[in-house]
Amino acid sequence: MIVLNQCYTTTTTTTTMLPYSLRILGNLLVPLVVCRQREQLSNNSTNIFLINLSIADLLVLVVCTPTVLIELHSNPEIWMLGEFMSM
């Protein structure tokens, strides 16, 4: 049972990290591309919306995904992130 649990944890971590890395890279590139194309594209509401959406998704990635991975690798009875992250 322990080997199966460890295999599950390793597989889940590996399959979570690849999309996690790609989402971070993609969300970092969106504001860079929009800001570099400022000459060609006017500073319209669509561009501002895309940048805000990208930043919001980055914040969700930075806050939520690590907590899921920490919960996966710790005992379910113990919250390892402190009282601040439990709110």
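The values are calculated or read from the model by the stated rules, or taken from the named source; none is laboratory data. Because the structure is predicted, anything quoted here is derived from the model rather than measured. Every residue, glycine as well, gets a Cβ built from its backbone with ideal geometry; the counts of neighbours run over all protein chains shown.
So which of L69, L18 ends up being under 19 Å from the mean Cα position of the chain (by Cα), closer than 22 Å to C7 by Cα, at pLDDT below 90 and surrounded by 11 or more Cβ atoms within 10 Å (Cβ to Cβ)? First the steps, then the outcome.
Numbers: L18 fails: surrounded by 11 or more Cβ atoms within 10 Å (Cβ to Cβ).
Result of the check over L69, L18: L69.
Pairing each residue of region 43-67 that is under 16 Å from G26 (Cα atoms) and touching a residue at least 24 places away in the same chain (Cβ under 8 Å) with any residue that is of a type in the set (D, E) and loosely packed, with under 15 Cβ neighbours inside 10 Å, provided the two are 6+ apart or on different chains, yields no C-beta distance under 9 Å.
Within this structure, S86 fails the test of being surrounded by 12 or more Cβ atoms within 10 Å (Cβ to Cβ) and at pLDDT below 80. Among the residues in region 26-38, are any exposed (fewer than 12 other Cβ atoms within 10 Å of the Cβ), modelled with pLDDT of 70 or more and outside any helix (DSSP H, G or I)? Yes, region 26-38 contains at least one residue that is exposed (fewer than 12 other Cβ atoms within 10 Å of the Cβ), modelled with pLDDT of 70 or more and outside any helix (DSSP H, G or I).
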